[in-house]
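Asks: Can you read through this structure? Questions will come right after.
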Amino acid sequence: MTVTSGASSAAKRGIAAGAPKHFLDIDRFESADLRDMLELAHAYKRGEAAPGGLRPAAGKTLALVFEKPSTRTRVSFEVGMVQMGGHVTILASQGSQLGRGETIADTTRVLNRYVDAIMFRTLSEASLLEMVQYATVPVINGLTDKSHPCQIMADIMTFEEIKGPINGRTIAWVGDGNNVLGSWIHAAAPFGYALRIACPAGYEPDGAAIDAARAAGADIILTADPAAGAAGADCVVTDTWLSMGTDGGPSAEDRVAALTPYRVDEALMARAAKDAIFLHCLPANRANEVSGGVIDGPRSAVWDEAENRLHAQKGILHWCLSA
Ligand code: CP
Ligand code: NVA
């Protein structure tokens, strides 16, 4: 396959030719660029020589910057970059000058001089956008309060490996209207799936994001009824009820009380299509959002999903690092 220049997505984002190839949110891309990244991910997973050779990151360094904890994102980016011939350097807020108040702008201006790309997991989308404003190298969104696009690229890769093209299929999100759902909403129009969202009142996703996705052609239905949300779906997805950085909102007790009817258990999975799969970005709480019977059962694809973070990351990195 050939990697496109990304010019179409750049034009869509109003970014000048020659600007760094950032990976910020899925709705900023044309489908063709997203498909290029997924094809690269599959090629890496098959062990095939991808465009640019097997080690296209040789001599390059990726900075991983974390304002929140991580297991999968950190390890998959680090292992992926090393497998592509490159290196990583890791900065957590605690242990770097970010934790002592050095600004994101100044940190970025320094990192520009050392590294070839930056992955940023941040408490707020505003911080990601601040980094982008100062970055002269590609910036990859490693999760904000609004979105988690790298995760959804891996999720779509996983769905398609098991069930074929996602275009025209139905994905049901049941639970908290959080950042991971934000990226499922962003991806609905470019990937052409129907999205059914079941959330309790007060825990719905951002209405503006849904409006924008619908304006781009997405088929999205929002309901408060979990059984209606899951009905006939090809895939049921959920996530933690207690996302990192939700401390300012309802208490943990209030969240659990409101979301308990949205727990994905065997009875809810029985509402979905007979061969529906279950996805969860992890980490999971088997006492809350999903039963052990579902996440550890035959319809769960969560370990493939976690593995695919590695391959999807390599597709994204390859795209961002290519000229
Ligand atoms: N799914 C995911 O992003 O996991 P981590 O928080 O462990 O990176
Ligand atoms: N919604 C979760 C995702 C973790 C990968 C969180 O933000 O904590």
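Laboratory data are not the source of any read-out in this text; all were calculated from the coordinates shown. The structure presented is a predicted model; accordingly, all values stated were derived computationally and were not measured. Note that we place each Cβ from the backbone using ideal geometry, even for glycine, and neighbour counts take in every protein chain shown.
Asks: Using R₀ = 30 Å, calculate the FRET efficiency as 1/(1 + (r/R₀)^6) where r is the Cβ-Cβ separation of Ala58 and Asn167; round to 0.05.
Replies: Once the sixth-power term is evaluated, E becomes 0.25.
Asks: Give the lysines reachable from Lys21 as a straight Cα distance under 28 Å; neighbours fewer than 8 places away on the same chain don't count.
Replies: Cross-link targets: Lys12, Lys45, Lys60, Lys68, Lys146, Lys314.
Asks: At q = 0.07 Å⁻¹, what is the log10 ratio I(q)/I(0) for the chain, with the Debye formula run over Cα points and no solvent?
Replies: The Cα Debye sum returns log10 ratios of -0.26.
Asks: Based on the alpha carbons, how large is the Rg to Rh ratio for region 261-323 when Rh follows Kirkwood?
Replies: Radius of gyration over Kirkwood radius for region 261-323 works out to 1.14.
Asks: For the chain, with only Lys/Arg (+1) and Asp/Glu (-1) charged at the beta-carbon, what is the dipole magnitude about the Cα centre, in debye rounded to 20?
Replies: My answer is approximately 800 debye.
Asks: For the pair Tyr114/Ala252, report the inter-label distance in nm, with labels modelled 7 Å from Cα in the Cβ direction.
Replies: Between Tyr114 and Ala252, the simple spin-label model gives 3.4 nm.
Asks: What shape does region 127-168 take by its C-alpha gyration tensor, where a ≥ b ≥ c are the square roots of the eigenvalues and a/c under 1.5 counts as rounded, a/b above b/c as prolate, and the rest as oblate?
Replies: Taking the square roots of the gyration eigenvalues as a ≥ b ≥ c, region 127-168 is prolate.
Asks: Could you list the residues of region 158-179 with an amide nitrogen less than 14 Å from a label point located 7 Å from the Cα of Ile221 in the Cα-to-C-beta direction?
Replies: Once the point is set 7 Å along Cα→Cβ of Ile221, 169-173 turn out to lie under 14 Å by backbone N, inside region 158-179.
Asks: Please say if region 47-162 is rounded, prolate or oblate, where rounded means a/c under 1.5 for a ≥ b ≥ c the square roots of the C-alpha gyration tensor eigenvalues, and otherwise the choice is prolate for a/b larger than b/c and oblate otherwise?
Replies: Here region 47-162 falls in the oblate category.
Asks: Now for a separate question. So if we plug the beta-carbon distance of Asp265 and Val75 into 1/(1 + (r/R0)^6) with R0 = 22 Å, what FRET efficiency do we get, rounded to 0.05?
Replies: Efficiency, rounded to the nearest 0.05: 0.15.
Asks: Moving on. What nm distance separates the two modelled labels at Ile90 and Leu282, each placed 7 Å from Cα along Cα→Cβ?
Replies: The modelled label-to-label distance comes out at 1.6 nm.
Asks: By average Cβ neighbour count within 10 Å, what is the ranking of 77-83, 286-292, 298-304, 117-123 from highest down?
Replies: Sorting 77-83, 286-292, 298-304, 117-123 by mean packing, highest first, produces 117-123, 77-83, 286-292, 298-304.
Asks: While we're looking at this one, here's another question. Out of region 197-276, which trypsin sites (Lys or Arg not before Pro) are coil in DSSP terms and have no more than 11 other C-beta atoms within 10 Å?
Replies: Passing both the DSSP loop test and the Cβ count: Lys274.
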